[in-house]
Every structure is written in C-alpha cells, then in structure tokens.
Amino acid sequence: MPHGLLTIVLGAAVYFGLTAIAPAAGTEDPPGTQPPVARKSGTVLQEHGRERPDPYDWLSRRDDPAVSAHLAAENAYAEHRLAAIRPLIDEIAGELRERNASSDASVPYRDGGYLYERRFAEGAQYPVILRRRDAPGAAEEIVLDVPALAAGHAMYRLGRWQPSPDGRRVAFMVDFTGDRQNRLFVRDIATGDVTEQGITDGAESFTFAADSATLFYVRREPVTLRGHQVWRHRIGTPPDVDTMVFEERDPTFSVSVHRTKSRRFVLIDTEQEQTSEVRYLAADDPDGTFRVIEPRRAGVRYDVDHVGDTFYVRTDLDAPDFRVMTAPEATPDAAHWRELVAQRPGHVIRNIEPFRDFLAFDEEHEGGIRIKVLRLADREELPVPQPGEIGVATASFFYGAFGGNREPDTTVLRFRFSSPLTPERTYDFDMAARTLTLRREEPAPWFRPDDYVLERREAVAPDGERVPITLTYRKGMRKQGGNPTLVVGYGAYGFSQRPVFSESAFSLMDRGFVHAMAHVRGGHEKGERWHRDGRGLAKRNSFTDFIAVGEALVAQGVADRRALFSRGGSAGGLLVGATANLRPDLFAGVVAEVPFVDVVTTTSDASIPLTTLEWVEWGNPAKAEDYAYIRSYSPYDNIERKTYPAMFVTAGWHDSQVRYVEPAKWVARLRELKTDDHELIFKTDMGAGHAGRSGRLGTVQESAEITAWLLSQAGSAMGR
C-alpha cells in the first residue's frame with residue numbers, strides 16, 4: 001500500500017532513522033560502521049602555470065589491492081548505513097519487480113518476408129526472439145534464445161542483432177562485463193549452431209552485405225574503445241584473415257556501419273559531435289571500394305538513408321536544427337542536394353524514416369518529440385494524431401527498442417509513445433488511409449493514470465532564459481508549503497531530459513514526493529542553441545538553470561525547502577555535483593549515479609575512453625582557456641571545507657564511460673573536507689558497467705535502495 005507524506009514525517013525517527021549506533025565504551029568499532037578514510041598522496045599537478053592538487057589519484061590504479069580494498073570498505077559502510085531502512089528497500093524492490101516481471105510480447109514487425117517478435121516469460125530477465133514467415137499457418141522458429149545464451153553469465157547484455165538477407169543466419173553483439181567491449185557472434189537459425197564464436201574488439205555496429213556471407217563490422221581501439229576501423233569478414237573463415245576496408249585516424253571521430261532501408265547500400269558513418277562524413281558501397285559488391293557522399297566540413301553534420309533511387313539526407317548545413325534533403329543515387333554529393341523539409345528554428349529534426357511514397361520524421365521541441373509525415377507526391381504534410389501533448393513519440397528504434405520501420409514499400413508507419421503518465425504504447429499510422437491504430441501498451445495493471453497529475457512549469461534563469469519543468473505527482477497528496485521533491489536533470493550532448501514513463505518514480509510519488517524534470521541547457525529542448533548554450537565555455541548555464549529550477553519549485557510552493565533533492569547520472573552526475581558545490585544549501589540530498597565529476601583529469605587524458613570524442617562538448621584542457629573554465633566547475637576540484645547535502649553515490653567497476661575512479665576520488669575528498677554529519681553513501685557495483693546490471697530486473701535493487709534512501713532523508717529533514 002502507498003505510504004502518505006504523514007507517515008514519512010511521523011515515522012522519520014523510527015522507521016527511517018539512519019543514526020549510527022555508537023559502540024560500547026572500550027570496544028572497537030565493528031567493520032563497516034565508520035566511514036572509510038582514504039589515504040592521501042602528495043600529487044600536485046602543474047598545468048598551465050598553476051598547481052592542481054590531486055591527493056586521491058592513486059585510486060585510479062585498478063590493479064592495486066588497496067584500491068579494491070577501499071571500495072570494499074565503502075560498500076560495507078554503505079550496507080551498514082542502509083540496514084536501518086532494509087524493510088523499506090525490500091518493500092520497494094518488491095513493487096518494482098512486480099511492475100516489471102510480467103509476461104510480455106512485442107508487436108511483430110516485418111523484415112525480409114518474416115515477422116519478428118520478442119517475448120518475455122513471467123519473471124524472466126531476458127527475452128526470446130522468435131519469427132515466422134509472413135504467411136498463414138507459418139511455424140515459429142527461435143532466432144535468439146537469450147535466456148539460454150545468458151545462462152551461466154553474471155552479465156549478458158545483448159546489443160544489436162541482425163538477420164542475414166537470406167534469412168539463414170543472425171549476427172549479434174554481446175557485452176559480458178558492462179565495459180562495452182563487445183563480442184560478435186553469428187548463429188545458424190535453423191540448426192542453432194553458433195558458427196562464429198566471437199569476433200573480439202567489436203563496437204556495437206555491423207551489417208551483412210547482400211550475399212549474406214560477408215559481414216562488415218567495426219573494431220574499437222583497445223585502450224580508448226573508440227570505433228576506428230571497419231573490417232570485412234567472410235562467414236566461416238577465421239577473424240585473423242579479415243580485411244580492413246576503412247580506418248579513421250582522427251582521434252576525435254568514431255565510425256559505425258549499417259545498411260540503408262532499401263538494403264542496396266552499406267554505409268560507413270564517421271562522426272564527431274559537430275562534423276560527420278558518410279561513405280557508401282553497393283551491398284551486392286562487398287569487395288568494392290567505399291565512396292564518400294560529401295567530404296567532411298568542420299561544423300557540418302549529415303546522415304543518410306536510401307529508398308528507391310534517392311538518397312535522403314538529414315543535415316545541419318545552413319540549418320542548425322536540421323533539415324531534410326534529397327539527392328540522386330548517381331550524384332549524392334552536396335552540390336546535388338535539394339531541400340525537402342525546411343528547418344524550423346527551435347524544432348530539431350532527430351530522425352528520418354523514408355518510404356517509397358512518404359517521409360516521416362521525429363521533431364523535438366520543449367523536451368517532447370512529435371511525429372511528422374510528408375506525402376512525397378505533392379509534399380503535403382499529413383496530420384498525425386498525437387497521443388498526448390506532453391511526451392515522446394518517435395519512429396526511431398535505434399537504441400535497443402525492438403521493432404522498427406524496415407520495409408520501404410509499406411504505407412504503415414510504426415511509432416512509440418510514452419509520457420510520465422503513459423506506459424510505452426506502440427502505434428501504427430496508415431499514411432495513405434490516415435488512420436491510427438494502437439497495437440500495444442506496456443503492461444501496467446498496477447497503474448491508474450487518473451490518480452496523478454502531469455503539468456508543465458517554468459523557471460527563470462539568471463540571464464532571463466525560461467527553463468521548462470515537467471512535474472508529476474499524485475492527486476490529493478500536495479501539501480501546503482510544498483512536498484518532498486526530486487529534481488532530475490542531464491543537460492549534455494544535445495540529449496534532452498525526455499518526459500517518459502518511469503516505474504520507479506511512482507514509488508516516490510505514492511509516498512508523497514513530487515517528481516520534477518529540469519530541461520536545462522545542454523539538451524535540445526529549444527533547438528541547437530539550447531545545446532550550444534550549455535556546452536563548452538557556456539557549460540555553467542546548465543548548472544545555473546538547474547539551480548533556478550530548484551528555487552522556482554520552492555518559490556511556487558511545489559517543493560518543501562527542507563526536502564528538495566537532486567538526481568543525475570553520468571553527465572547528469574556532473575550537473576548535480578557542480579550544483580552541490582555552488583548551492584549546497586539548496587538541496588537536502590543528492591543522488592549521483594556513475595557521475596562524471598573529475599572533469600579536468602578525464603578530459604586531459606586522451607587514452608581514456610571517449611575523451612578525444614568529447615573535446616567538442618567539454619573543451620580540451622590542453623588549451624589554457626578551456627582548462628581554466630573546466631577547472632572552475634569540475635566537482636572534484638572545487639570541493640571546499642563547508643556543509644554539503646546528504647549524498648548517495650554509485651559507480652560501476654567495469655564502467656568504461658565514467659570510470660569508477662571519478663566518484664571514488666570525489667567521495668574521498670568530500671569525506672575529507674565536508675564539515676557536516678550528513679549521510680554520504682558510496683556503492684560500487686563490482687559486477688556492472690555504466691548501465692548497471694543486465695536483464696530487465698537487473699537494476700531493481702539499486703533503484704529500490706536509492707528510492708528508500710530518498711524517502712528516509714525526506715522523513716529526517718521534515719521531522720526535525
């Protein structure tokens with residue numbers, strides 16, 4: 001049963017108490033009962049004529065037994081501190097498992113004459129992927145039995161998978177540790193035999209040529225994990241005789257490979273944040289030479305698809321928020337691009353889906369995404385019924401979502417929609433008949449949308465910009481003077497804080513919390529300028545936007561000033577870490593998940609994964625101006641001897657995107673310098689990477705611990 005706000009307040013001292021038990025006089029503290037104290041080194045770095053102390057740099061020595069011992073001590077202390085709220089953690093974990101563990105089946109989608117479907121059995125961590133021929137009475141066959149493949153593996157994250165054009169084989173990528181060092185396998189669908197036992201050094205990118213016997217795949221650099229080479233592999237031959245067909249030598253670019261919707265071309269995409277280049281090869285000529293569509297130009301991005309005899313190009317050439325162009329198959333260079341969809345300032349075109357007679361595209365604005373459809377014959381924009389005013393409707397199925405728009409000759413567009421009060425739905429929009437059909441809704445029998453409120457508000461940043469806020473809360477639980485409130489944010493790389501459904505948020509809202517999404521600069525909520533104004537030498541805008549959101553929620557009576565909390569992961573961890581330095585008085589608690597908090601050190605080391613690819617986003621500390629700016633906000637380098645909010649910090653031992661050492665150093669320095677006795681919990685998952693444990697229930701325990709911790713902190717704060 002949901003717990004009301006009154007329960008939180010009145011029960012704070014008993015049910016949610018986190019006061020350490022003092023040991024009896026004359027006895028030693030039991031292991032794990034006191035916060036670990038990390039030893040300090042005397043490291044002082046000389047950078048641009050300035051000294052930068054780095055007293056916890058030794059924590060980067062992954063093979064040093066002292067490092068793992070320190071992390072184990074932090075984990076033991078975290079378990080000790082969480083013991084008092086273990087009943088609540090278990091209760092919430094039960095809720096989350098119940099919400100996610102039901103049997104489930106996707107809507108079948110058509111690809112190459114087959115209908116593909118994904119099914120989860122009751123309580124299963126992993127799905128079975130099946131297919132049948134698109135004909136009456138066709139028998140099912142297993143494409144990938146992921147539960148069987150994952151058996152015996154502590155971590156098994158299935159990446160991209162793709163059937164061969166002749167339908168005989170399926171290629172698939174697997175990450176066994178969480179460090180993104182994938183292995184590529186090929187399976188014979190009829191026999192179940194895995195013919196290729198794992199091509200290593202694989203990025204999450206590969207595709208078959210038309211002959212079904214040739215596979216193009218990307219290899220990563222062994223240290224930085226940058227996708228830098230495309231190789232050609234013949235099925236049945238050893239990987240050591242594979243042929244490299246392309247290499248990207250610029251360390252600020254990465255590569256990927258895929259096939260066009262027409263299946264007639266293989267594309268190599270080479271890109272950095274602000275510049276890209278595409279090469280193409282006829283899929284029926286796998287031994288041929290890739291040709292450049294348009295040579296790279298600094299500051300110009302484009303991506304390409306192909307249907308019929310036309311290349312479709314999404315580009316920011318003279319259009320920061322992107323437009324759509326067409327080009328003849330014979331002459332696809334920019335000199336022959338012709339505009340099909342013009343730019344709309346502030347509305348970013350995120351993805352295109354070309355068909356024989358139509359073009360669909362996702363358009364982002366104010367944090368939401370809407371579907372647009374153009375009839376090619378007369379360029380008329382067709383009205384697409386939108387399932388909700390606030391939410392995300394997208395035809396893109398790139399990021400692990402099952403399904404897609406694989407058939408160029410269809411008139412039916414498939415898209416997904418989700419909002420904070422709408423479990424994900426799958427729709428089919430018949431572009432010829434102009435009819436919308438709901439095909440599936442994520443199972444959520446526990447959820448009653450009429451019990452909640454969804455609304456938009458704004459905060460005014462110090463420079464006058466209006467920052468959108470998406471609020472969700474349970475009806476009847478709003479309190480005069482404000483509620484405990486969690487503000488989540490990200491604000492980087494042009495990735496917006498998208499208003500979509502989150503099962504774990506309801507465990508907070510049902511117990512009296514308001515859930516707020518802060519759409520700060522650094523994302524694409526208001527177009528490319530919103531991203532530009534929150535990156536590089538303008539990054540501080542992300543932090544002041546976030547602070548403005550917190551202040552506005554208090555001023556508007558939404559948030560109780562005693563119980564305002566922040567949460568962010570990865571680059572969002574930088575956001576909440578930096579704001580904790582700037583305004584430690586504003587937030588009662590901070591949740592920082594795999595946080596990017598040692599920004600100067602990481603962006604200075606070109607051997608660290610992602611560093612060279614992200615100098616455009618953060619700046620390059622080799623440049624004095626960039627260095628000074630990054631150092632001015634880097635959370636680790638700006639900890640002071642003062643009071644900080646309570647904190648719950650996480651890390652993944654195998655994380656290659658934000659290495660465990662960043663939060664480890666940050667927490668060690670906080671323990672040294674902070675002058676308060678507020679809770680500081682740091683947990684490193686020794687079996688996970690950036691995205692946590694694999695499987696649909698893999699992150700339940702961590703989510704339950706964080707949720708219960710937030711409730712306990714709110715109870716303590718409001719009960720004082």
Query raised in the report: In the list Ala505, Ala432, which residue meets the criterion of being out of contact with any Lys or Arg (no Cβ under 7 Å at 6 or more places or on another chain) and not assigned by TED's automatic domain parsing to the domain that holds Arg561?
Result: Ala432
Query raised in the report: Looking at Thr177, Thr195, which one is touching a residue at least 12 places away in the same chain (Cβ under 8 Å), of a type in the set (Ser, Thr, Tyr) and closer than 30 Å to Tyr660 by Cβ?
Result: Thr177
**Report entry** All positions within the range 663-720 that are small (Gly, Ala, Ser) and in a helix (DSSP H, G or I)
**Finding:** Ala664, Ala668, Ser703, Ala704, Ala708, Ser712, Ala714, Gly715, Ser716, Ala717, Gly719
Query raised in the report: Do we find that Val278 is farther than 25 Å from Gly523 by Cβ and of a type in the set (Val, Ile, Thr) in this structure?
Result: yes
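Just a yes or no: is a residue in the range 643-658 in a loop (DSSP other than H, G, I, E, B), within 27 Å of the chain's Cα centre (by Cα), assigned by TED's automatic domain parsing to the domain that holds Asp605 and within 15 Å of Leu575 (Cα to Cα)?
So far as the range 643-658 goes, yes, one or more of its residues are in a loop (DSSP other than H, G, I, E, B), within 27 Å of the chain's Cα centre (by Cα), assigned by TED's automatic domain parsing to the domain that holds Asp605 and within 15 Å of Leu575 (Cα to Cα).
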Query raised in the report: For the subset of the range 621-634 comprising residues that are surrounded by 19 or more Cβ atoms within 10 Å (Cβ to Cβ) and not in a helix (DSSP H, G or I), which member is farthest from the chain's Cα centre (by Cα)?
Result: Pro621
Query raised in the report: What strands (runs of 3 or more DSSP E), lying completely within the range 240-315, carry at least 3 residues that are over 30 Å from Thr603 (Cα atoms) and in contact (Cβ under 8 Å) with a residue 24 or more places away in the chain?
Result: 265-271, 302-307, 310-315
Query raised in the report: Just one of Leu586, Leu582, Leu553 is among the aliphatic types (A, V, I, L, M) and over 16 Å from Thr643 (Cα atoms); which is it?
Result: Leu553
Report task. Give the residue that is surrounded by the fewest Cβ atoms within 10 Å (Cβ to Cβ), with candidates limited to residues of the range 372-390 that are modelled with pLDDT of 95 or more and touching a Pro at 6+ places or on another chain (Cβ under 9 Å). Result -> Leu376
Report task. Output yes when any residue across the range 207-226 is under 20 Å from Ile268 (Cα atoms), outside any strand (DSSP E or B) and of a type in the set (Lys, Arg), and no when none is. Result -> yes
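For every residue, the table says whether it meets (1) among the polar types (S, T, N, Q); (2) closer than 25 Å to Pro251 by Cβ; (3) in contact with a helix residue (DSSP H, G or I) (Cβ under 9 Å, 6 or more places away or on another chain); (4) surrounded by fewer than 18 Cβ atoms within 10 Å (Cβ to Cβ).
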{"position": "Ala651", "(1), (2), (3), (4)": "no, no, yes, no"}
{"position": "Val658", "(1), (2), (3), (4)": "no, yes, yes, no"}
{"position": "Ala664", "(1), (2), (3), (4)": "no, no, yes, no"}
{"position": "Ala668", "(1), (2), (3), (4)": "no, no, yes, no"}
{"position": "Glu672", "(1), (2), (3), (4)": "no, no, no, yes"}
{"position": "Asp677", "(1), (2), (3), (4)": "no, no, no, yes"}
{"position": "Thr684", "(1), (2), (3), (4)": "yes, no, yes, no"}
{"position": "His690", "(1), (2), (3), (4)": "no, yes, no, no"}
Query raised in the report: Just one of Ile89, Ile129 is in the same structural domain as Leu710 (by TED's automatic domain parsing), touching a helix residue (DSSP H, G or I) at 6+ places or on another chain (Cβ under 9 Å) and of a type in the set (Val, Ile, Thr); which is it?
Result: Ile89
Query - Any hit, the range 146-164, residues being part of a loop (DSSP other than H, G, I, E, B), more than 22 Å from the chain's Cα centre (by Cα) and crowded, with 19+ Cβ neighbours inside 10 Å - result: yes
Report task. Please go through the range 235-248 and pick out each residue that is modelled with pLDDT under 95 and not acidic (Asp, Glu). Result -> Ile235, Gly236, Thr237, Pro238, Pro239, Val241
Query - Matching residues in the range 124-136 - criterion: being assigned to a loop (DSSP other than H, G, I, E, B) and surrounded by 13 or more Cβ atoms within 10 Å (Cβ to Cβ) - result: Ala124, Gln125, Tyr126, Pro127, Asp134
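The values are calculated or read from the model by the stated rules, or taken from the named source; none is laboratory data. The model shown is predicted, which means the values in this text are computed figures rather than measured ones. With ideal geometry, Cβ positions are generated from the backbone for all residues, glycine too; neighbour counts draw on all protein chains shown.
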